[in-house]
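**Student:** My questions all concern the structure below.
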Amino acid sequence: RIPLVIDTDPGIDDALAILLALASPEVDLQLVTAVHGNVGLAQTTENALRVLHLAGRSDVPVAAGAAGPLVHPIPERAGHVHGAAGLGGVELPASPAPLDPRPAVVALAELLLAHDPGTVTVAPIGPLTNIALLLHVFPEAAARIGRVVWMGGSATRGGNVTAAAEFNAWADPEAAAAVLGSGLPVTMVGLDVTLPTVLTETGIARFREGGGHVGATAAGVLRQYVDAARDRYGIDGVVVHDALALTEAIVPGTLTTVRRDVVVGTTLGAARGQTLVDRRSVAEHGVEVAEAVDSAAAVEFLVSRLETYGA
Ligand code: BDR
Ligand code: CA
């Protein structure tokens with residue numbers, strides 16, 4: 001089983017991603033680190049604890065990380081998408097488990113030093129602030145990461161928060177630049193593959209009906225998100241970005257990736273947070289950019305794993 005850390009800002013799709021990992025025997029979720037992002041850090045931390053508790057897995061430690069980006073404060077969070085408290089207006093029961101007292105970077109470094117180099121997968125599904133801090137504060141530990149599977153960025157689809165930028169890149173471009181340029185083995189799971197991967201109402205109904213209490217609750221967390229997508233874009237279903245990144249972390253090779261040189265826009269202005277992917281050629285170093293996905297298979301994977309909560 002692949003030792004796994006999820007670095008997250010729950011977040012509706014973050015919650016789905018955590019539930020997917022916990023339902024997947026290929027990975028062993030050993031630590032969750034919380035980061036600012038969709039909502040503030042206190043709320044993302046609390047939500048992470050509650051999602052683990054929902055799944056009956058409050059044994060997985062949760063450590064709190066960065067409360068804001070490395071350099072420039074972000075103008076606005078994503079409460080309008082995820083609900084003011086981050087989970088689509090659903091209030092999950094509080095967890096009996098205490099927060100891990102260690103700062104996220106310390107918890108991450110200790111975990112990495114306790115495993116063989118190259119064995120641990122880290123899946124950041126929010127802004128990359130915690131991972132950038134780990135690189136700066138504990139470089140020897142960071143160098144032991146086997147794989148970083150990041151949900152963020154966009155090669156061909158423009159942005160979702162500005163014309164140029166995807167939310168996780170935009171929320172801390174300096175951190176994204178540090179991580180993507182670090183030489184670590186990073187896979188970028190961006191809007192190119194997440195946007196075409198739509199979880200439909202039919203799929204949601206399957207785990208609402210068949211996924212026991214956890215599945216029904218997950219469907220409830222998605223409710224507002226589904227309604228907003230229907231009202232705003234006229235689509236049946238939602239894009240659960242972070243769950244697709246987790247699918248790649250759980251089953252490496254799910255996505256078709258190509259090694260590319262990627263530069264992150266860090267200047268203030270229209271291109272801030274853009275992930276500029278050089279698609280003219282295959283890079284020698286660079287980042288594994290996810291460029292193609294079998295969306296139907298990915299959605300089926302998510303739905304069938306969430307259904308196992310009812311077994
Ligand atoms: C990303 O932004 C957040 O709102 C989601 O949780 C996801 O990580 C998609 O752009
Ligand atoms: Ca997220």
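The values are calculated or read from the model by the stated rules, or taken from the named source; none is laboratory data. This is a predicted model, so every value here is computed, not measured. Ideal geometry is used to build each Cβ from the backbone, glycine not excepted, and the neighbour counts take in all protein chains shown.
**Student:** Tell me, which residue of segment 50-71 that is among the aliphatic types (A, V, I, L, M) and within 21 Å of residue 109 (Cα to Cα) is surrounded by the most Cβ atoms within 10 Å (Cβ to Cβ)?
**Tutor:** So, considering only residues that are among the aliphatic types (A, V, I, L, M) and within 21 Å of residue 109 (Cα to Cα), the one surrounded by the most Cβ atoms within 10 Å (Cβ to Cβ) is 62.
**Student:** I need the full set of residues from segment 248-274 which are of a type in the set (Val, Ile, Thr) and farther than 30 Å from residue 22 by Cα, in order please.
**Tutor:** Listed by number, the residues that qualify are 262, 263, 264, 266, 267.
**Student:** From the residues in segment 144-193 that are farther than 13 Å from residue 265 by Cα, away from ligand 1 (no atom under 15 Å from the Cβ) and of a type in the set (Gly, Ala, Ser), which one is surrounded by the most Cβ atoms within 10 Å (Cβ to Cβ)?
**Tutor:** 182
**Student:** Just give me the residues in segment 210-229 being surrounded by fewer than 14 Cβ atoms within 10 Å (Cβ to Cβ) and modelled with pLDDT under 95, in sequence order.
**Tutor:** Of everything in segment 210-229, just one residue is surrounded by fewer than 14 Cβ atoms within 10 Å (Cβ to Cβ) and modelled with pLDDT under 95, namely 227.
**Student:** Considering every residue within segment 298-309, establish whether at least one is within 16 Å of ligand 2 (Cβ to nearest atom), modelled with pLDDT under 95 and part of a helix (DSSP H, G or I).
**Tutor:** No.
**Student:** Go through segment 291-309 and report how many residues are within 19 Å of the chain's Cα centre (by Cα) and crowded, with 16+ Cβ neighbours inside 10 Å.
**Tutor:** Going through segment 291-309 one residue at a time, the tally reaches 10.
**Student:** Across segment 1-49, which residue is nearest to ligand 2 (Cβ to nearest atom) among those that are surrounded by 23 or more Cβ atoms within 10 Å (Cβ to Cβ) and among the hydroxyl-bearing types (Ser, Thr, Tyr)?
**Tutor:** Looking at residues that are surrounded by 23 or more Cβ atoms within 10 Å (Cβ to Cβ) and among the hydroxyl-bearing types (Ser, Thr, Tyr), I get 8.
**Student:** From the list 261, 278, which one is surrounded by fewer than 19 Cβ atoms within 10 Å (Cβ to Cβ) and more than 16 Å from ligand 1 (Cβ to nearest atom)?
**Tutor:** Step by step, each of 261, 278 is checked, and only 278 is surrounded by fewer than 19 Cβ atoms within 10 Å (Cβ to Cβ) and more than 16 Å from ligand 1 (Cβ to nearest atom).
**Student:** Another question, then. Given the residues 46, 91, which is the only one that is under 28 Å from residue 142 (Cα atoms) and not aliphatic (A, V, I, L, M)?
**Tutor:** 46
**Student:** Determine which member of the set 129, 121 is surrounded by 14 or more Cβ atoms within 10 Å (Cβ to Cβ) and within 16 Å of ligand 2 (Cβ to nearest atom).
**Tutor:** 129
**Student:** Name the strands (runs of 3 or more DSSP E) wholly inside segment 1-113 in which the number of residues that are among the polar types (S, T, N, Q) and within 16 Å of ligand 1 (Cβ to nearest atom) is 1 or more.
**Tutor:** Here the list reads 2-8, 27-34.
**Student:** Answer yes or no: is there a residue in segment 69-92 that is closer than 25 Å to residue 184 by Cα, within 15 Å of ligand 2 (Cβ to nearest atom) and not hydroxyl-bearing (Ser, Thr, Tyr).
**Tutor:** Yes.
**Student:** Are there any pairs, at least 6 apart or on different chains, whose C-beta atoms fall under 9 Å, with the first in segment 89-111 and modelled with pLDDT of 95 or more and of a type in the set (Gly, Ala, Ser) and the second in a helix (DSSP H, G or I) and surrounded by fewer than 17 Cβ atoms within 10 Å (Cβ to Cβ), and if so, which?
**Tutor:** 109/137; 109/140
**Student:** Considering only residues that are small (Gly, Ala, Ser) and touching a strand residue (DSSP E or B) at 6+ places or on another chain (Cβ under 8 Å), look in segment 256-311 and name the one that is farthest from residue 155 (Cα to Cα).
**Tutor:** Here the residue is 295.
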